Amino acid sequence: MILLYHRVTELPLDPQLLSVTPDHFGEHLEILRKSFNPISLRQLVDGLRRGRLPARAVVVTFDDGYVDNLVNAKPLLRRHDVPATVFIATGYLDGDREFWWDEVERLLLHGRTLPEVLCLNIDGHNFRWDLGQASHPIDGWLEQNRAWNVTNLGEEVGPRQRLYASLCELLRPLTDEARQSAFDAIRGWAGEPAAARSSHRALRPDEVAQLTEGSEVEAGAHTVTHPVLSALPVEAQRQEIVRSKARLEEILNVEVTSFSYPYGTYADYSAATVDAVKAAGFACACSNFSDLADRRTSHFELPRVLIRDWDGDTVTRHLRQAFDA
Ligand SMILES: [Zn+2]
């Protein structure tokens, strides 16, 4: 079973449910060590190839390349002697910008005043949103809305959350260039700069090197700009894949052999994407659909189980259920 994490930290807001607290992550690793068999992604692929794996083998992976993977996750991985692979979107290593989904949150989901009406042209279409009363939030807005996340889009959702959800949906399939021009407009409207919060920034190149020092953590590629690959022409996909591998190899001076598809569901990549990943010289690639890997599984569409901010008992239950099903 390959586990998919993104962040190990505590956040005031986590609308995409990407973060696991350090306490919970420590509990997860203790359980993996005690009741399962943590192995590296490399060992998994070798084991699948040879048809021989330890029982209840589990692989830890992270997507995106947040700085907390170094600061919070690595010491815990080392303490519990659990290997991991971190898939890094290399276009965020040098810039001072947040991953786009975090930036939407930063610009909208706070207790400060925003102009009432937002008009945007996205990909040739005009959109208009009216925040009404919600442009001047009440005191304590952040506290009251702290628990909200994208799995909760029912009737009672406020205008800011609705705008957040529509923007996420509209911005997701855009090219990086088109998305940046939309962000220029949204930042101007909100009166906020582009600069990344230190709590939400990506790893820097020297930190990628620190992360992979020692034997616990290996780096994998996750494209340059984190696009929906299937939405791009094949040559642009190839560039995203090849350039992210080359950048990491330049920083680390080792061969980078694993890849993960941004977003990673069947709709987010295509057969041409898989071919481009194979041609780029990777040994394996991870997707984002829930299953166990076995000898019939393609090494270029390895399933992963998304892990949420669960306590130890909950994570044990999820893992046992999956292995015993
Ligand atoms: Zn990602």
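The values are calculated or read from the model by the stated rules, or taken from the named source; none is laboratory data. From a predicted model like this one, the values you see are computed outputs, not experimental measurements. Glycine gets a Cβ as well: all are built from the backbone with ideal geometry, and neighbour counts include every protein chain shown. Only protein heavy atoms, including side chains, enter the accessible area calculation; ligands, DNA and RNA are left aside. Shrake-Rupley method; radii C 1.70, N 1.55, O 1.52, S 1.80 Å.
So how do 171-179, 81-89 stack up, highest first, on mean other-Cβ count within 10 Å?
81-89, 171-179
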Suppose all protein chains stay in the model; what accessible area per residue would a 1.4 Å probe give for segment 174-294, in Å²? 42 Å²
Among ASN149, ASN121, ASN37, which one moves the most in a GNM of the chain with springs linking Cα atoms closer than 10 Å? ASN121
Unit charges at the beta carbon, dipole of segment 1-126: most positive-side option, ALA55, HIS80, LEU4: ALA55
Does segment 232-325 come out rounded, prolate or oblate by the C-alpha gyration tensor, with a ≥ b ≥ c the root eigenvalues, rounded set by a/c under 1.5 and, if not, prolate when a/b is larger than b/c and oblate if not? prolate
Rg ratio (alpha-carbon, reference 2.2 N^0.38 Å) - segment 147-275: 1.26
Compactness index (Cα Rg / 2.2 N^0.38 Å), segment 1-146: 1.40
Cα extents of segment 31-78 along the principal axes, largest first, in whole Å, come to 36, 24, 13
Near LYS245, which lysines are there with a Cα under 30 Å away, not counting those fewer than 8 places off in the same chain? LYS74, LYS278
Convex hull volume of segment 68-163 per residue (C-alpha atoms, cubic angstrom): 182 Å³
Let me cross-check LEU292: its accessible surface, 1.4 Å probe, with only protein heavy atoms counted, in Å² to the nearest 10? 50 Å²
Starting from the Kirkwood radius over alpha-carbon pairs of segment 204-268, derive D by Stokes-Einstein at 10 °C in a medium of 1.306 mPa s and give it in µm² s⁻¹. 126 µm²/s
So which GluC sites (Glu not before Pro) in segment 231-325 pass both tests, a DSSP loop state and at most 15 other Cβ atoms within 10 Å of the Cβ? GLU255
Throw me the Rg/Rh for the chain, computed over C-alpha atoms with Kirkwood Rh, two decimals. 0.97
Taking protein heavy atoms only, a 1.4 Å probe, and rounding to whole percent, the accessible area of the chain owed to carbon and sulfur comes out at 48 percent
With equal scatterers on the alpha carbons only and no solvent term, can you work out the Debye log10 of I(q)/I(0) for segment 276-316 at 0.27, 0.32 1/Å? -0.91, -1.05
